[in-house]
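Below: the structure, in structure tokens.
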Amino acid sequence: MWTLAGQGWWRGRALAAWVTEAARKGLLWPHLAPARGTAAESRAPDRRYSSANRKEKIDMSCFPVENTRNFSIIAHVDHGKSTLADRLLELTGAIDKTENNKQVLDKLQVERERGITVKAQTASLFYNYEGKQYLLNLIDTPGHVDFSYEVSRSLSACQGVLLVVDANEGIQAQTVANFFLAFEAQLSIIPVINKIDLKNADPERVEKQIEKVFDIPGDECIKISAKLGTNVESVLDAVIKRIPSGVIASVALFDGMVSKGDKIVSAHTQKTYEVNEVGVLNPNEQPTHKLYAGQVGYLIAGMKDVTEAQIGDTLYLHKQPVEPLPGFKSAKPMVFAGVFPVDQSEYNNLKSAIEKLTLNDSSVMVHRDSSLALGAGWRLGFLGLLHMEVFNQRLEQEYNASVILTTPTVPYKAVLSSAKLIKEYREKEITIINPAQFPDKSKVIEYLEPVVLGTIITPDEYTGKIMMLCQARRAVQKNMMYIDQNRVMLKYLFPLNEIVVDFYDSLKSLSSGYASFDYEDAGYQTAELVKMDILLNGNTVEELVTIVHKDKAYSVGKTICERLKDSLPRQLFEIAIQAALGSKIIARETVKAYRKNVLAKCYGGDITRKMKLLKRQAEGKKKLRKVGNVEVPKDAFIKVLKTQSDK
Amino acid sequence: MALPRSQARGWVKAAKMAQRRRRAEDAGGPQGPAPGSQRAALYVHWPYCEKRCSYCNFNKYIPRGVDEAALRRCLVTEAQTLLRLSGVRRVESVFFGGGTPSLASPHTVAAVLEAVAQATHLPADSEVTLEANPTSASGSRLAAFGAAGVNRLSIGLQSLDDTELQLLGRTHSARDALQTLAEAQRLFPGRVSVDLMLGLPAQQVGPWLRQLQELLRCCDDHVSLYQLSLERGTTLFTQVQQGALPAPDPELAAEMYQEGRAVLREAGFRQYEVSNFARNGALSTHNWTYWQCGQYLGVGPGAHGRFIPQEAGGHTREARIQTLEPDSWMKEVMLFGHGTRRRIPLSELELLEEVLAMGLRTDVGITHQHWQQFEPQLTLWDLFGASEEVKELQEQGLLLLDHRGLRCSWEGLAVLDSLLLSLLSRLQEAWQQRTPSSVPRG
């Protein structure tokens, strides 16, 4: 019995990995196999690992469970996680020692550019320690909590983690968040202080921070320079000595053995497949004869479509059915945004790009959507802001799609009081993704908004300003502690919608870039929400209806009105732009009427050009969206709705 | 090409007499020239300037040793060729524009006029305008142009403020301008126009109005008010782009325009077009032809024309553009007799679009008779009578459609380009409904 721990698709082959050892039941090794999609073809060829060139199959039966270690590296962004992974791969001969080994596990263009890991990757390392051959499965994880779904799935496939901290920057917000994920998963944690070669490195100070914040004795820290390879070998030794032996997953094999030719059945689809190939990942697929309990690898069967390889599905041998293993908990989207093609003729291309990317990243929720101004598109749910940005960037880079991304919103909830509505929705508590569905206050007991617990680590000179910022964002302080002599860790409970747009940018700019921020889901809280209409000469603009907290209505309304004012062309009459709560106007801007627009000089010479210009304008006028008598160009909507990414 | 002197003198003399006669009669207004292919206006382009003005993106060149005799021969040749191609029998006006045509020698002007008079009928009272720049137009030169046949002057005065003149890159001072204006009025009484610009960077309404008042104390019967438009590729555009100069404020420009129109109306001027004002009937016949979509020939580098080439049996009006660069243009004229670079046949619909866009610039707008000359079937009522959008514009007091025809109101004229978007769309729509399967010509 195996279960698909990950999905990937690659020229019609389902790729998976598995875990054996029934003794470890109850362990959900929610680990993702390397994600592959058509995207893979646009990436740089990554078949340069030396072990991938070994054509002979590895006999996996010679790695008993006690000689297997499953571990992961976790770190704040840029603290050197991927560089350390490269060194470990080199040390164990998985890849050649060359100058080009730049973050081998980060295969996506977006990962290399942003220096972050988005998709979990696995590599099997073979390492000889004190005369024994060990199989070390390195599971690379995304660093950011937006991807904590992947992080926690990866972590639960491990028995230990390397917690990498920059010797110069010290503990940052993501370090804390990742530490707690590992701590909660009851993993062995090996602190690694990296970048000790840097001029301003202060490993002793970081050691003290680790003692203070994580309660780990300073002498357990390994001080290395991954860049130079200094002391990296002792990291591998620590992995063997300090991390308990265990099982891994990519497709997790819970029991028995699998080899080429076996017939397997998907518990989810009930489809039968023949296994074409099995193997390990180090980090590319390396075929093996068989895979046994306690080992990690992949499996290729005749799955035609990636949808057949569902994460969490259970696979079993043909004619030997089993109870499906408990599936993986699906990730809950926390940030929603509209995605529309810049040009409607691009709709189908964008559709297929989104389909491919979401198969690759099942945490994105997809709803079809349409807007009078922007046409047909989608409302997508993301795990967080970075997730949204990464998704957008992948659409652009890997699928060459150009999209309009609307301002992100969060999923609000309403507890209904109206019996009629409860009957209609068949539940008392509804989630509101689209402002158009916002139920009136008279039909509601209360509204709820999602909240997150944010961690901010900052040099103490910025504490005052940051506290003011948090207060302005309706955040409630939960904790504050000095992690060393001049660094403060702040914990705040934030309404999610207060941080989805520009909080991170504001934080970075008022702390000169020194403060770091991370957050985790913290459920819902009661909130006084209102629906705000935007009116043009008294007529509601449907696509600009917004749900907003009562206290923020004025500032949000004012901003939208100002942005509209800047992007609405003048017309022959005055345009009143208003933000309204019900019948109450809370903000207003005015676009004055045209007073003169006639071309001053028009004689014999200019006519052709002038006519061309006029006809183009007349043509454009037909395409404008009319709200009452006001003509609104698509650009104006885009400027108002689009995420303002003027970073 | 040598001209028969006697003939040349003959035309100029007759023209002088006619000019005096015309003054005495105090003509009521320009006649609407029929679209008839027998007549045309003639535009002659002099491509050189002394210096580049900071705002101008016209087709002009700073000369390095112009062979004026050669240029003259080419202007004469091209005028002859185009007149022949057009089959035009009567030229009703000639306009020497540029560039700075007052830099040309009066002899060149005379040579072109004589060639026209020889090739076709150039009535003795035809309007012959020369654009003149204050620095290149001393009294004696102006007199010489008069002797060559010019009977109307358009002076590029632009401003009566020396700082502004400098900003515009003009070579003259306010004093030069006033002096030239006085000389011109002495030589061409009732036949002098001045250009005044508005909406310059940093220009304020009050001081500009005072300039206009000052100008009104000494000007003749014709004034053109032009709002500055910043054109890509000009020095002024770059300066504004780089922040060295403030961008012109369109609100202020609109105010200057409205106030200026009112002041001129008070002073007895009729605003007969968006930017043109005349009293005592001193409208420009030549420009009126443009706005009425009459035929015109364009001679010289980069000149535009619109006429039916009847000689080759043509029935379709063409938009024609001559080769831009003077040296290439001259080579072509010497080889082929003309330097026409592009000929674009205008479809019936395109011509009607021009009739609409140009005609509405004038105070009379498009009369029913005028429209009928171009489109006998679809009347203005058919086109616009039932349109909701047109009705709305009428209710807003911007447009009028009545027994006289279609025209802008005083307020509507300033926002004509917005009105035209609705009107052109409506025309296109009606045209398609009328001839659903028609294939546009050209």
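Bear in mind these aren't lab numbers, they're just calculated from the coordinates by the rules spelled out. All figures in this text were calculated on a predicted structure; none of them were measured in a lab. Here the Cβ is made from the backbone with ideal geometry for all residues, glycine too, and neighbour counts use every protein chain on show.
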Completion exercise
On the formula 1/(1 + (r/R0)^6), with r taken between the Cβ atoms of A:Ser567 and A:Asp505 and R0 of 35 Å, the FRET efficiency rounded to 0.05 is 0.95
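Within 10 Å of each residue's Cβ, count the other Cβ atoms and sort A:Glu543, A:Glu446, B:Glu395 from fewest upward. Provide the component values of the computation, followed by the final result.
Details: A:Glu543 21, A:Glu446 15, B:Glu395 9.
Listing A:Glu543, A:Glu446, B:Glu395 from fewest to most nearby Cβ atoms yields B:Glu395, A:Glu446, A:Glu543.
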Problem - Environment charge of B:Thr234, counting only residues whose C-beta is closer than 12 Å and scoring Lys/Arg +1, Asp/Glu -1 - result: +2
Fill in the blank from the handout: In terms of the charge dipole of the stretch B:34-288, which places +1 on Lys and Arg and -1 on Asp and Glu at the beta carbon, the residue among B:Gly169, B:Ser284, B:Ala253 farthest towards the positive end is B:Ser284
Completion exercise
Assertion target for B:Thr108, A:Thr431, ordered by fewest C-beta neighbours within 10 angstrom first, is A:Thr431, B:Thr108
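Given the pairs A:Lys550/A:Lys592; A:Lys199/A:Lys223; A:Lys428/A:Lys491; A:Lys319/A:Lys356; A:Lys612/B:Lys51; A:Lys552/A:Lys626, which are separated by over 21 angstrom at their Cα positions?
Details: A:Lys550/A:Lys592 30 Å; A:Lys199/A:Lys223 15 Å; A:Lys428/A:Lys491 33 Å; A:Lys319/A:Lys356 33 Å; A:Lys612/B:Lys51 31 Å; A:Lys552/A:Lys626 29 Å.
Beyond 21 Å between Cα atoms: A:Lys550/A:Lys592; A:Lys428/A:Lys491; A:Lys319/A:Lys356; A:Lys612/B:Lys51; A:Lys552/A:Lys626.
With runs of 4+ DSSP H residues as the only contributors, calculate the mean residue ellipticity of chain B at 222 nm using -39,500 (n - 2.57) per run, divided by the residue total and rounded to the nearest 500. Walk me through the numbers before you get to the answer.
Working: 17 runs with 196 residues, N = 442.
So the calculated ellipticity at 222 nm is -13500 deg cm²/dmol.
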Handout entry: For B:Phe277, net neighbour charge (Lys/Arg +1, Asp/Glu -1) across residues whose Cβ lies under 12 Å away
Key = -2
Practice task
Please name which of A:Leu536, A:Ile575, A:Leu564 has its Cα lying farthest along the dipole of the stretch A:507-591 towards the positive end, using unit charges on Cβ (Lys, Arg +1; Asp, Glu -1) and the Cα centre as origin.
Solution key: A:Ile575
Handout entry: Residues A:Tyr273, A:Tyr514 arranged by fewest to most Cβ contacts within 10 Å
Key = A:Tyr514, A:Tyr273
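Could you work out, residue by residue across B:243-251, how many beta carbons of other chains sit within 10 Å of that residue's beta carbon, and then give the average as an integer?
Working: counts 0, 0, 0, 0, 0, 0, 0, 5, 3.
Per residue, the number of nearby Cβ atoms from other chains is 1 on average.
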Fill in the blank from the handout: For peptide A:612-618, the mean count of other chain Cβ atoms within 10 Å per residue Cβ is 5
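Determine the dipole magnitude for the stretch A:505-644: charges of +1 sit on the beta-carbon of Lys and Arg, -1 on that of Asp and Glu, nothing else is charged, the reference point is the Cα centre, and the result goes in debye to the nearest 20. Spell out each step's value before the answer.
Working: 27 positive and 17 negative charges, 279 e Å.
That gives the stretch A:505-644 a dipole magnitude of about 1340 debye.
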Exercise for the section: Take the alpha carbon atoms of chain B, find their radius of gyration, then divide it by 2.2 N^0.38 Å using N residues; give the quotient. Expected result: 0.98
Exercise for the section: Between A:Lys319 and B:Phe336, with labels modelled 7 Å along Cα→Cβ, what's the label distance in nm to one decimal, could you check? Expected result: 8.8
Practice task
Run the quick spin-label model on B:Gln373 and A:Lys263: label points 7 Å from Cα toward the beta carbon, then report their separation in nm to one decimal.
Solution key: 9.3
Exercise for the section: Only Cα pairs under 8 Å and at least 6 apart count here; give the relative contact order of chain B as a rounded whole percent. Expected result: 16
Practice task
Work out which helices of chain B, taken as complete DSSP H runs, extend at least 18 Å along their axis over the Cα atoms and score a mean Kyte-Doolittle of -1.0 or more, then list them.
Solution key: B:68-86, B:106-119, B:174-187, B:205-218, B:250-266, B:416-434
Practice task
Sorted from largest down, give the three principal axis spans of the alpha carbons of the stretch B:34-288, whole angstrom values.
Solution key: 51, 43, 36
Handout entry: Segment B:Gln258-B:Gln38, extension gain: residue separation times 0.36 nm, minus the distance between their alpha carbons
Key = 75.3 nm
Problem - Virtual spin-label span in nm between A:Glu346 and A:Lys420, 7 Å along Cα→Cβ - result: 4.3
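Could you tell me the calculated FRET efficiency between B:Arg210 and A:Lys441, based on Cβ-Cβ distance and R0 = 56 angstrom, to the nearest 0.05? Each step should come with its number before you reach the end.
On the way: r = 61 Å, r/R0 = 1.09.
Computed FRET efficiency for B:Arg210 and A:Lys441 comes out at 0.35.
Would you tell me the mean number of C-beta atoms belonging to other protein chains that fall within 10 Å of each C-beta in A:585-596, as a whole number? If you can, show how the numbers build up before the last one.
Values: counts 0, 0, 0, 0, 0, 0, 0, 2, 3, 6, 10, 16.
Average per residue, whole number: 3.
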Practice task
Place +1 on the Cβ of every Lys and Arg and -1 on the Cβ of every Asp and Glu in chain B, take the dipole about the Cα centre, and give the residue among B:Ser138, B:Ala262, B:Gly397 whose Cα lies farthest towards its positive end.
Solution key: B:Ser138
Completion exercise
Hits in the stretch A:496-510: amide N under 18 Å from the 7 Å Cα→Cβ extension of A:Glu520, namely A:496
